[in-house]
Amino acid sequence: MSLSDPTTIDDDAAAEVQQAINQLAHHSSSSSSSSSTTTATTSTTTHTYHSALSSSNQNHPPKPPLIIQPWTKEEQQSNIQAVKDAVQHAWQGYVTHAWGHDELAPLSKQGKDSFGGLGATIIDSMDTLYMMGFRDEYCKAVEWALTTDQLDFNLRHNSGDDDASAFEIIIRVVGGLLAAHDVTFISTSHPADKDTIITNNNLLALIQKAKSITERLLPIYTNSKSGIPYNIINLTTQATKNPRLNLNASSLAELGTHQLEFYRLSQLTGDEKYAAFGQNSIQVMHDKYPKDGLKPLFIDPTNATFIGRKVSLGAVGDSYYEYLLKLWLLGGRREEKYRYMWVQAMDAALSRLLFTSKQGATYIAEFDRYTVKHKMDHLACFVPGMLSLGLLSGALGNGTNSGGESTITISTTANNNNNINNNIKKSQYLDAAVKLADTCYHMYSYQPSGLSPEFITFSMTTGEMMAGNYNNGGGGGGGGGAASYLHRPEAIESFWYLWRLTGDWKYRIWGLEIFKSIEKHCKVESGGYTGIKNVRGGGGGGGGGKKRKKEGEGEEGGEVMEKDDTQQSFFIAETLKYLWLLFGGGDDEGWDWENGWVMNTEAHPLRVVG
Ligand code: DMJ
């Protein structure tokens, strides 16, 4: 595999993955690809999708088998257009009722500031608007970002205590600004349109904005003796701390999800310190615990020791693992240590956390020391996509340290393990990806609303898959309960990667089914989309059910789908963008790894350079 050409998969890797896909197709009862390449092709076959999961479950009555039939060109165009219409509706609601705030509350028609009041939805949406061709909307967003006092720390009017999550600002705002620069500068043959706001100077100003916001956040690193950053910063005083709820520890996902943005910022500014801060925290994690591929969720920033032994690829852990792989990719596949750490973590996850229920659902469990929790967050539904991206990009190499400099020592055992049989490993990864995505689809299809809860649990006696309770996990008033649907993108993100890897039409059909449920239950006629408090319908408490029923916002079986009155800033940035990509909306441009792009965890495309 050539390290100097990171945008193509080498032939051997592609052939090996294809062999694994063919084997899997042979053994699988579900429909599968008839394509002969690793990227999606148009098949004309019609399949009937039979779930591997038992259909005898009383709580989840069997649905008719899904017909998997490729769309005609007209159907495809109409599905792509429907997603673009949804983006316009979501954006218009935000512009009308919440401009300048972080998020839209579409039912109460006002704004909310959950991420420091930096206009998160505007910046989170910029690259999606550009990619989908909404140039006027994109220009309005860029103009705001370059002129607002809210992003200027000398002029900014702050409200309340001004504490904010550095992680959320980095993935949404810093990532959004850098991606707006990258997609605009590189995606067309006309990098700058002199008649509009899209000028080279303005694009450089976006980088300067990203830099000044990052500078504001840097005390999360400079206040830490260990190199492990704090989670929270006061944007006015720059005081740093960690949440008491987390035992004053830094969380794994938050410390491990600055690296792509900081790496790209260093490339674009020529100042290496940002990349160095981010990469040092990964190095510290490895140096302290080199044998643990799976790292506990909480780390003391004063001395980099683990607090507790909870492990999860869902909430609080997820994007740490995602960034190990993507940092390797964004660096042109040279920094072998990141690939190695990723493979080490995935091997451990697949051997220790992967379970199949008595009814045939494969899931990623969590554990706390020696106790396995048979629970899977929707957040963990990014895993099939991450495994697929690993396969698409050739991350399952021969395990040798053939890349650039590495200060991480790779254990001989791990090296030997990685060398034993790459083909077996590739088919294991693919098998896990396909089966986990299947479960993620059923997290939606089993609910009366057709929308997924925040997490599911599995009964050890019957194997039944259960949505979390309405009041379990903080739900009720705020819409954050276990049974709530919060516009999460992870399952659709994975369907996109798996579609690219296998060409199996079921992923597009699943995406369309979920999109229709979103349109039915979440669309607010006056603008925007709301989340749902209880995906099983009804829900009680919280009020407003009768009133909303009158508005006729799509109820099923006479049941009220109680709304949470929040349009997440990642709804346009991720959920709708991944649907558009899944349906083929970005095929002409090619916003994917093969064409030199790596998505940050908020689906902001960053350009692979060098
Ligand atoms: C997004 O902000 C990011 O994808 C993050 O990594 C996880 N949570 C949300 C989406 O669910």
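Only Lys, Arg, Asp and Glu carry charge here, each on its Cβ (+1 for the first two, -1 for the last two); on that basis the range 567-610 has a dipole of about 160 debye about its Cα centre.
Average accessible surface for the range 61-145: 40 Å² per residue, computed with a 1.4 Å probe over protein heavy atoms with every protein chain in place. The relative contact order of the range 118-268 comes to 24 percent, based on Cα pairs under 8 Å that sit 6 or more residues apart. If you take all other residues with their beta carbon under 14 Å from the beta carbon of Thr148, and give Lys and Arg +1 and Asp and Glu -1, the sum is -2.
Using only side-chain charges placed at the Cβ, +1 for Lys and Arg and -1 for Asp and Glu, the dipole size of the range 280-323 relative to its Cα centre rounds to 160 debye.
Ligands, DNA and RNA are left out, and with a 1.4 angstrom probe the accessible area of the range 265-400 is 31 Å² per residue. Pairs spanning more than 20 Å between alpha-carbon atoms, out of Lys506/Lys533; Lys288/Lys337; Lys140/Lys516; Lys211/Lys295; Lys84/Lys563; Lys516/Lys577: Lys506/Lys533; Lys140/Lys516; Lys211/Lys295; Lys84/Lys563.
Within the range 244-346, the GluC sites (Glu not before Pro) that combine a DSSP coil assignment with at most 16 other C-beta atoms in a 10 angstrom radius are Glu272.
Could you tell me what percent of the accessible area of the range 555-610 is made up of carbon and sulfur, with a 1.4 Å probe and every protein chain present? C and S fraction of accessible area: 35 percent. Gain on full extension, evaluated as 0.36 nm per residue between Asn200 and Asn595 minus their Cα-Cα distance, stands at 139.9 nm. Taking the accessible area of the range 296-387, probe 1.4 Å, and keeping the other protein chains in place, the carbon and sulfur fraction comes to 52%.
By definition, a body whose alpha carbon gyration tensor gives a ≥ b ≥ c is oblate when a/c is 1.5 or more and a/b is not larger than b/c, and the range 263-399 fits this oblate description. Taking a Cβ cut-off of under 11 Å around Leu325, the surrounding Lys, Arg, Asp and Glu residues balance to a net charge of +2, with basic ones at +1 and acidic ones at -1. Projecting the Cα atoms of Gly270, Thr302, Ser357 onto the charge dipole of the range 210-366 (Cβ charges, centred on the Cα centre) puts Ser357 farthest toward the positive pole.
Extension gain for Lys84 to Thr302 (0.36 nm times residue separation, less C-alpha to C-alpha distance): 73.8 nm. Subtracting the Cα-Cα distance of Thr462 and Lys373 from their residue separation scaled by 0.36 nm leaves 30.5 nm.
Here the Karplus relation 6.51 cos²θ - 1.76 cosθ + 1.60, evaluated at θ = phi - 60°, turns the backbone of the range 594-599 into coupling constants of 4, 9, x, 10, 10, 7 Hz, with x for every Gly and Pro.
If you take all other residues with their beta carbon under 15 Å from the beta carbon of Ile220, and give Lys and Arg +1 and Asp and Glu -1, the sum is -3.
The values are calculated or read from the model by the stated rules, or taken from the named source; none is laboratory data. It should be emphasised that the depicted structure is a prediction, and the values quoted were computed from it without experimental measurement. No Cβ is skipped: glycine too gets one built from the backbone with ideal geometry, and neighbour counts run over all protein chains shown. For accessibility, only protein heavy atoms count, side chains too; no ligands or nucleic acids. Shrake-Rupley method; radii C 1.70, N 1.55, O 1.52, S 1.80 Å.
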